[in-house]
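Structure first, then comments.
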Amino acid sequence: MNRKPSLDTQCVQAGYTPGNGQPRQMPIIQSTTFKYDTLESMGRLFDLKESGYLYSRLQNPTCDQVAAKICALEGGSAAMLTGSGQAAIFYAVFNIAGCGDHIISSASIYGGTYNLFAITMKRMGVEVTFVDPECTPEELKQAIRPNTKLIYGETIANPALVVLDLEKFATVAHENGLPFVVDNTFATPVNCQPIQWGADIVVHSTTKYMDGHAAGLGGCIVDAGRFDWTGYPERFPGLCTPDESYHGVVYTQQFGLGGAYITKATTQLMRDLGSVQSPHTAFLLNLGLESLHLRMKRHGENAKAVAEFLKNHPKISWVRCCALPEDDYYQRAQTYLGGNCCGVVSFGVKDGREAAIQMMQYLKVCVIETHVADARTCILHPASTTHRQMNDEQLKEVGIGPELVRISCGIEDAQDLIADLEQALAQI
Ligand SMILES: *Cc1c(COP(=O)(O)O)cnc(C)c1O
């Protein structure tokens with residue numbers, strides 16, 4: 001059979017293929033270390049002359065099989081799991097940008113990533129320029145410096161729900177010899193495969209939709225295997241010149257464009273920094289991935305139904321959901337997301353802060369949490385939680401007004417979510 005399995009089938013089956021008489025379900029290899037018959041055969045692994053397992057800080061079979069599934073879903077050449085989304089983003093950037101370097105990022109990104117770039121990586125000597133995601137190609141190009149190493153953005157930004165113009169960012173990056181790194185956490189490969197639109201590296205917080213059940217923190221990095229590091233050896237010396245910590249291996253020579261980036265991130269960064277995902281968590285992540293295609297469909301349908309209800313409600317001033325035809329990002333969602341959306345919707349309560357807080361206290365099905373992308377619907381008022389240190393002026397500046405409520409629609413029956421919101425709004 002020559003047919004390439006569809007994404008749905010890959011969600012269920014990619015990554016782990018049992019041999020004759022082997023377990024149908026992916027085994028959890030809960031072992032830190034691996035046994036060898038001779039020092040010589042182990043030595044070949046240390047020299048990276050052969051692939052195999054030495055120690056689970058470097059690689060683990062269960063984690064590798066789950067990474068292989070995500071790699072297949074994103075259409076990449078190689079992938080690795082990390083202990084969290086934050087670790088994945090840090091490794092993805094630090095793998096090619098160090099002290100004295102510069103990166104460019106869309107300003108509309110996850111708050112944790114913003115802090116990582118603006119505060120922590122700055123302390124490590126990596127400068128960041130944040131650009132308006134709606135900037136022109138010329139403005140984006142003007143942000144590039146001689147020491148710029150990459151351009152970064154999110155497919156659907158958390159929490160602003162901006163759908164990024166992936167092609168614009170990819171084109172400017174490639175015209176200037178830079179890789180384009182995309183956080184695809186909110187879209188997931190079910191709704192968008194950024195590699196098809198020019199992304200070179202894709203990162204995920206698997207904590208969100210991929211796990212989908214709020215069971216395990218995790219991250220993943222996928223390399224498209226297309227960016228030609230060897231065309232810019234002075235810009236990317238870590239990939240194109242000998243690594244002293246591995247007997248002078250040159251990653252691009254030994255592992256090719258398809259393997260160099262992930263091998264370096266594994267053998268250097270994971271070896272030295274060690275933010276691994278545990279095999280047990282990887283197993284739970286794989287259970288989540290097996291239903292990702294079904295869940296994303298339902299998350300999107302529920303978000304759209306809830307957004308349509310809120311849009312027509314007299315106590316609601318505005319609604320953001322890219323599946324609504326009047327949304328600013330509707331057209332872009334048609335292009336990049338197949339017209340779909342994720343489960344997250346934000347909206348404004350007309351009477352402002354106090355009314356928003358009051359409404360949330362009456363909810364029964366939608367639960368107050370700082371989380372998104374769970375099978376269970378959760379809801380948050382950023383002004384009194386994640387952004388509570390800001391005053392109303394500052395909140396307006398970052399686009400998160402005091403009236404804003406963010407709901408992450410789960411996979412329950414949409415009518416139950418709507419009825420819950422309806423009764424809560426009736427009481428304010
Ligand atoms: C949650 C999130 C992260 C951080 O991931 P953790 O798994 O919490 O470390 C990064 N990017 C996006 C878009 C997120 O939603």
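Throughout, read-outs are computed from the coordinates displayed, never taken from laboratory work. Computed from a predicted structure; not experimentally measured. Methodologically, a virtual Cβ is constructed for each residue, glycine included, from the backbone with ideal geometry; neighbour enumeration extends over all protein chains shown.
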I'd like the Karplus ³J(HN,Hα) series for the stretch 42-59: coefficients 6.51, -1.76, 1.60, θ = phi - 60°, whole numbers in Hz, and an x wherever there's a Gly or Pro.
5, x, 5, 5, 4, 7, 6, 7, 9, 9, x, 10, 10, 7, 6, 5, 8, 7
Would you mind checking which residues have amide H under 5 Å from Ala78's amide H? H placed 1.01 Å from N; only 5 or more apart, or other chain.
Asp223
Got the relative contact order for the stretch 332-379 handy, in percent, Cα pairs under 8 Å and 6 or more residues apart?
24
Once the dipole of the chain is set up with Lys and Arg at +1 and Asp and Glu at -1 on Cβ about the Cα centre, which of Ser291, Tyr55, Leu39 lies farthest towards its positive end?
Leu39
Only four residue types carry charge here, +1 at the Cβ of Lys and Arg and -1 at the Cβ of Asp and Glu. Report the dipole size of the chain about the Cα centre in Debye, rounded to the nearest 20.
640
Nonlocal amide H pairs with Tyr152, under 5 Å, H built at 1.01 Å:
Ile104, Ser105, Ser106, Val181
Nearest-20 debye value, the stretch 1-159 charge dipole, Cβ charges on Lys, Arg, Asp, Glu:
380
I'd like the Karplus ³J(HN,Hα) series for the stretch 98-105: coefficients 6.51, -1.76, 1.60, θ = phi - 60°, whole numbers in Hz, and an x wherever there's a Gly or Pro.
x, 3, x, 9, 9, 10, 10, 9
If amide H atoms are built 1.01 Å from N in the plane of the peptide, which residues on other chains or at least 5 residues away come under 5 Å of the amide H of Ser84?
Gly219
Over the stretch 270-428, calculate the relative contact order: mean separation of alpha carbon pairs under 8 Å at least 6 apart, over the residue count, as a percent.
24
Note, ³J(HN,Hα) from phi for the stretch 341-347, Karplus 6.51, -1.76, 1.60, rounded to Hz, x at Gly and Pro:
9, 8, x, 8, 10, 10, 8
What number, rounded to the nearest 500 deg cm²/dmol, is the helix-based mean residue ellipticity at 222 nm of the chain, given -39500 (n - 2.57) per DSSP H run of at least four residues and division by all its residues?
-10000 deg cm²/dmol
If packing is taken as the mean number of other Cβ atoms within 10 Å per residue, what is the order of 55-68, 389-402, highest first?
55-68, 389-402
Which order do the peptides 327-337, 3-13 take when ranked by the mean count of other beta-carbon atoms within 10 Å per residue, highest first?
327-337, 3-13
Got a sec? Charge dipole of the chain, +1 on Cβ for Lys and Arg, -1 for Asp and Glu; which of Cys99, Tyr261, Ile195 is way out at the positive end?
Tyr261
Once you keep just the Cα pairs under 8 angstrom separated by 6 or more residues, what percentage relative contact order results for the chain?
15
Got a sec? Charge dipole of the stretch 302-428, +1 on Cβ for Lys and Arg, -1 for Asp and Glu; which of Ala426, His387, Pro325 is way out at the positive end?
His387
